[in-house]
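Down below is the structure, laid out as C-alpha cells.
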Amino acid sequence: MTGHAEPIHGIVVLTGAGISAESGVPTFRASDGLWCGHRVEEVATPEGYAANPALVQDFYNQRRRQLAEVRPNAAHVALAELAARWEGDFLLVTQNVDDLHDRAHAEIPPGAGFELIHMHGELLKARCTRSGVVMDWFGDMAADEASPHHPQGRMRPHIVWFGEMPLAMERIEAALAACDLFVSIGTSGAVYPAAGFVQLARYAGARTVEINLEPTQGARLFDEGVYGPATEAVPAFFRDLQT
Ligand code: NAD
C-alpha cells in the first residue's frame, strides 16, 4: 500500500441503503432478503416485471411516494458539505435509488470536481422499454404505462434490476483507478460489482475505509473500519479530513 501519507486529491465514496436508514428508508437485506415485504425476485428482476407488471409498478409507486415523507440526514449533509469544500475530484457513487443525496447537494451546491452517479438507477426517473429514453417521473406509473417515446414502448422504473448492467461502470472504474481515498458507507458488500470496488481502489494504492453499523463480510479488505450509525460516523470521519 502506498500513498497513505500523501495529500489526498481524488475521493470516491460508495453509499448503500444504510446511509438512508436513519432517514426512515428501509434497507434491503438487513433482515431476511426481503425488500419492504417482497422477495427481490418478485420486484427487482426483469422476470418479476414480465410476470406481474402491476405488482412491480405498485411496489415502486409506493417507494416513490415514500420519498415525500423522508429527508436527507446528517450523513447525506456531511457528504454535501465535503463536496462543497473539496478542491480535488470527488465521485459519489450511490447504490440507492432514493433522491436523498440529490436533495442534500441541491441545498449545498457542490464544487466543480464533484459528480454523483446513481449506479442502480433512480426512483424519480422512468425508462422506455423500446427506445431506452430516460425521463423524470414523479407520480405513479400504471402497469401498462404507454411510452411517449415509442409507439410499442412501455414506461418502466429506471431501476437496475438483478441481472441488468449497473450504470456508468466505465466512469466509476476510472475514478477508482485514480483515487487516493475510497470510503464505503452503509452497504452490506453483498451486491456485485459494487462489492468489488474496494479491491480496485486498493489496487490503485488508495486508503480504504468502511463505515457501517457493524463490520461487513468484506471488512478485512479495508484498511480501516469506522463502526456506528451513519449520522454520527460519517460527519465525524469527514470533519477531520483535510482539504
Ligand atoms: P443492504 O440493505 O444490503 O445493506 C445495508 C447495510 O447498511 C448493512 O451492511 C447494514 O449494516 C448497514 N446499515 C444499516 N443501518 C445503518 C446505519 N444507520 N448506519 C450505517 N450503516 C447502516 O444495502 P445495499 O448494500 O445498499 O444493497 C441493497 C440494494 O438494494 C442496493 O443496491 C439498492 O439498489 C437497493 N435498495 C435501495 C434503497 C434506497 O434507495 N435507499 C433501499 C433499499 C434497497
Would you mind telling me which numbered condition in (1) away from the ligand (no atom under 15 Å from the Cβ); (2) within 22 Å of Ala84 (Cα to Cα); (3) assigned to a helix (DSSP H, G or I); (4) not polar (S, T, N, Q) Ala201 fails? (2)
Condition first: open to solvent by 40 Å² or more (accessible area, probe 1.4 Å) and either assigned to a helix (DSSP H, G or I) or of a type in the set (Phe, Trp, Tyr) (or both). Can you find one or more residues in the stretch 125-136 that meet it? no
If I go through the stretch 59-96 residue by residue, how many of them are assigned to a helix (DSSP H, G or I) and touching a residue at least 12 places away in the same chain (Cβ under 8 Å)? 22
Quick one: would you say Thr231 is within 16 Å of the chain's Cα centre (by Cα) and under 22 Å from Pro26 (Cβ atoms)? no
Given the conditions (1) assigned to a helix (DSSP H, G or I); (2) out of contact with any strand residue (DSSP E or B) (no Cβ under 9 Å at 6 or more places or on another chain), which single one is not true for Gly163? (1)
Let me confirm something: among Ala84, Ala54, Ala75, which residue is open to solvent by less than 10 Å² (accessible area, probe 1.4 Å), at pLDDT 95 or above and either among the aliphatic types (A, V, I, L, M) or at positive phi (or both)? Ala75
Residue that is least open to solvent (accessible area, probe 1.4 Å) [pool: residues in the stretch 22-49 that are at pLDDT 95 or above, assigned to a helix (DSSP H, G or I) and farther than 15 Å from Met141 by Cα]: Gly48
Does the stretch 173-193 hold any residues that are within 14 Å of the ligand (Cβ to nearest atom) and at pLDDT 95 or above, and which are they? Val183, Ser184, Ile185, Gly186, Thr187
Residues of the stretch 154-181 being more than 30 Å from Pro7 (Cβ to Cβ), surrounded by fewer than 20 Cβ atoms within 10 Å (Cβ to Cβ) and touching a residue at least 24 places away in the same chain (Cβ under 8 Å), in sequence order, are Val160, Trp161, Phe162, Gly163, Glu164, Pro166, Leu167
Given (1) touching a helix residue (DSSP H, G or I) at 6+ places or on another chain (Cβ under 8 Å); (2) open to solvent by less than 40 Å² (accessible area, probe 1.4 Å); (3) touching a residue at least 24 places away in the same chain (Cβ under 8 Å); (4) not basic (Lys, Arg), identify the lone condition not met by Thr216. (1)
Please go through the stretch 49-97 and give me each residue that is closer than 19 Å to Leu124 by Cβ and either more than 16 Å from the ligand (Cβ to nearest atom) or of a type in the set (Val, Ile, Thr) (or both), ordered by number. Val56, Gln57, Asp58, Val70, Ala80, Val93, Thr94, Val97
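The values are calculated or read from the model by the stated rules, or taken from the named source; none is laboratory data. On a predicted model such as this, the values are computed, not experimentally measured, just so you know. We place every Cβ from the backbone using ideal geometry, glycine too, and count neighbours over all the protein chains shown. The protein model used for the area step is the full one, side chains on, heavy atoms only, and it has no ligands, DNA or RNA in it. Shrake-Rupley method; radii C 1.70, N 1.55, O 1.52, S 1.80 Å.
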